[in-house]
Structures are given as structure tokens and as C-alpha cells.
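Coordinate-derived values only; no laboratory data. Just so it is clear, the model here is predicted, and its values are computed rather than measured. Please note: Cβ atoms are built from the backbone with ideal geometry, for glycine as well, and neighbour counts cover all protein chains shown.
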Ligand code: PHE
């Protein structure tokens, strides 16, 4: 009897199953009414009284071993099934690290370039009042840019709107800071424009402001010349064309020699060799006064550029909508260290 139990115990220990049916067959074989254990217990009567204690313990041990075996086999089958359903979160990721958005890369580049010549970064609210977005910047009351066409108004009388440019931030800086002021304001701006390959109702700007004694147009040109060479390369040429902005006088637009064809002419520069990248000018004395700065003592220059436009030129992207779609195939192409 002892030997028999020993053999059965070994059999039980060695048993393995890879389906629930096999476990059930195992259970029936040992534990059912006509199973091995029942027969064994029936034979117990024949055991000599002196051996009963020992044999009884062995039999109970065997029964427990069978029951434990069934539980462990069931559990391991379940955990295999589970791991097949669920992703294994402990596995290393198959996709590479995330990348920076191209607009962030270029914004960071621009901030870096200006911070090397002493410009600080200032930020302000995206929801603005009329004074900071328009009036302080010398926009006449009937200027078309105040029209519903361009501006997303939130409230009327007094007017509250989504800022249409980050010049509003510079108004706030001038109100709160004694010159010298040297600052750039990157940020999101909003205009009520139809969305196309070249325009969007949300875009990003970096605007710059420099106010001090004796600031001249030559300072403006030299600063922007440095900027263009740093961002687009040493060979980049610049040219200034007269323009108009209510808040600067004189005003200009700056072109750079086309970074694609090097000025020879291509479809990006429409065969002119030049592409426009920003607006700029000397801060109108009226604006300085409206912001609480003595225009007899101080002069200043300002400039503003769209980050989307610069990024399109830098990376030869021909549709502005790509920046907002977050298609991984597009974003994955941009890598940056800053
Ligand atoms: N604020 C102007 C715009 O949004 C850009 C600009 C800034 C032009 C400063 C001249 C000087 O278009």
C-alpha cells in the first residue's frame, strides 16, 4: 500500500496539462466517485491497525497533492490566457522616443539666437482688451484690422478679443518696465482667416522690442541681419522694403535671399531669389507715450515674425495645415537637441 501511494504521488507530481480538458480528466481519474482515491480509501479497511496512522497520513498527503496540482495547473493556464489578451507593459517600447514639434524647434532656435544678444523672453495673456491689442499700438478707431473679419471678439463694449499679435505683450512690458528694454515675446495668436495651405486661424509669432536711448534704424538692421544669418546660415543676404504698420514709423518688411536656391530663383521664391520673413520698424513715438515711455528721451525698434512661415522656409514644408494635424509620419521627421 505504501509503495502504491508513493508511485501515485510521483505520477501526480509529474503530471502536466496544457488544456482545461486535460485537468478535468486528471480530476476525474483521481477524485471522482469511482476514482483512484475512492478505491484507495475503500482499501484502507484492509490495512493493519498498527499501520493505519502512517498510511492514513500518506493518503491524505496524496489527496492534498492532487487538489493542489489541479489549482496550480488552472492558475497557470489562466495567466497564460491573460498575457495573450493584454499587452505586456513590462516590455521595452517598440517605438522610438517622441520628437519635438517643428514649430517648437524653430521657436526655441529663435529664442536662443536673440538671448545670445541680451533679449529676455516675455509672455502675456491670449485674451486681450482693446487697449493692449489695438489702441496702445496706434490703431485708428476705424482701422480695418479691428474689423470682425480679422479679430475673434469675445465681448463688445468694452472690447475683449483673442490677441491678433504678440505686440500686446510688448505693450504690457513697456507699461511695467523702465528702459532699456530688450525682449522677445513668442506666443500663439488668432485671426479670423479661412484655413488653407498658407493661412490658419491660429498661428505662432515671435515679436521683438528694443527701447533705449539712441536706438536707430541701423541697430534694427544689424540685429535682424545677425538673426537671419544665425537661423538660415552664414551666406544669407537680407533686404528691407518699405511697408506700413500703425505702430512703427518708418516701417519695413525684411526679405532674406532664398535659402532653397541661394538666390538663383526657384518656385519657393517665385523666381525672385528673395522670400519675406518679417515686419519691422522704429516704434512710433505715439506708442511709446501711450505706454508711459518718454519719447523725447527714448527710441526703439520692433519686429514681428510668424513661426509657421519661418519653419516652412527652413524645412521646405509647403502646407501650413501639417503643423496642426499631428500626423506621426510628419512629426517623426524632426529631431532636436533643444
Ligand atoms: N505685429 C505685426 C503683425 O502681427 C508684426 C510687426 C511687429 C511689424 C513689430 C512691425 C513691428 O503682423
Quiz prompt | Rounded to 10°, Cα long-axis angle of helix 2-14 versus longest principal axis of the chain | solution = 20 degrees
Exercise. For helix 20-31, report the angle its Cα long axis makes with the longest principal axis of the Cα atoms of the chain; keep it between 0 and 90° and round to the nearest 10°.
Key: 30 degrees
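With an 8 Å Cα cut-off and a minimum separation of 6 or more residues, compute the relative contact order for the range 234-338 in percent.
Details: 145 pairs, mean separation 19.7, N = 105.
Once divided by the residue count of the range 234-338, the mean separation gives 19 percent.
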Quiz prompt | Order by protection proxy (mean Cβ within 10 Å, highest first), peptides 281-288, 172-179 | solution = 281-288, 172-179
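Please report the relative contact order for the range 1-119, taking Cα pairs under 8 Å with a sequence separation of at least 6, and give it as a percent rounded to a whole number. Intermediate values should be presented prior to the final figure.
Values: 41 pairs, mean separation 37.0, N = 119.
Reported as a whole number, the value is 31 percent.
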Practice problem: Compute the whole-percent fraction of alpha carbon pairs in the range 1-133 spaced more than 17 Å apart. | Solution: 75 percent
Quiz item: Over the Cα atoms of the range 154-257, how large are the radius of gyration and the largest Cα-Cα distance (Dmax), in Å?
Solution: 16.1, 51
Practice problem: Could you tell me how many degrees, from 0 to 90 and to the nearest 10, lie between the Cα long axis of helix 102-115 and the main elongation axis, the longest principal axis, of the Cα atoms of the chain? | Solution: 50 degrees
Quiz item: Over the range 230-274, what lengths in whole Å, largest first, do the semi-axes of the equivalent ellipsoid take, defined as the square roots of 5 times the eigenvalues of the alpha-carbon gyration tensor?
Solution: 24, 13, 7
Practice problem: With a 10 Å radius around each residue's Cβ, average the other Cβ atoms per peptide and rank 318-325, 298-305, 109-116, highest first. | Solution: 298-305, 109-116, 318-325
Quiz item: Roughly speaking, what is the centre-to-centre gap between the range 204-237 and the range 259-310 when only Cα atoms are used, to the nearest Å?
Solution: 8 Å
Practice problem: Using a Gaussian network model of the chain whose springs link C-alpha atoms within less than 10 Å, name the residue from 89, 224, 103 with the highest mean-square fluctuation. | Solution: 89
Quiz item: Counting only Cα, what are the radius of gyration and maximum Cα-Cα distance Dmax of the chain, in Å?
Solution: 38.9, 122
Quiz prompt | Packing-based order for 255-263, 268-276, using average beta carbon neighbours within 10 Å, highest first | solution = 255-263, 268-276
Quiz item: Counting other C-beta atoms within 10 Å, which of 165, 101 has the fewest, and how do the rest follow?
Solution: 101, 165
Exercise. Considering only DSSP beta bridges where both residues belong to the range 102-337, give the percentage that are antiparallel (nearest 5).
Key: 95 percent
Exercise. Normalising by the residue count of the chain, find the relative contact order in percent from Cα pairs under 8 Å and 6+ residues apart.
Key: 16 percent
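Sorting 234, 126 on the 10 Å Cβ count, fewest up front, what's the list?
On the way: 234 6, 126 15.
Least crowded to most crowded, the residues run 234, 126.
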Self-check item: Spin-label model distance (nm) - residue 141 vs residue 217, 7 Å beyond Cα toward Cβ
Solution: 3.3 nm
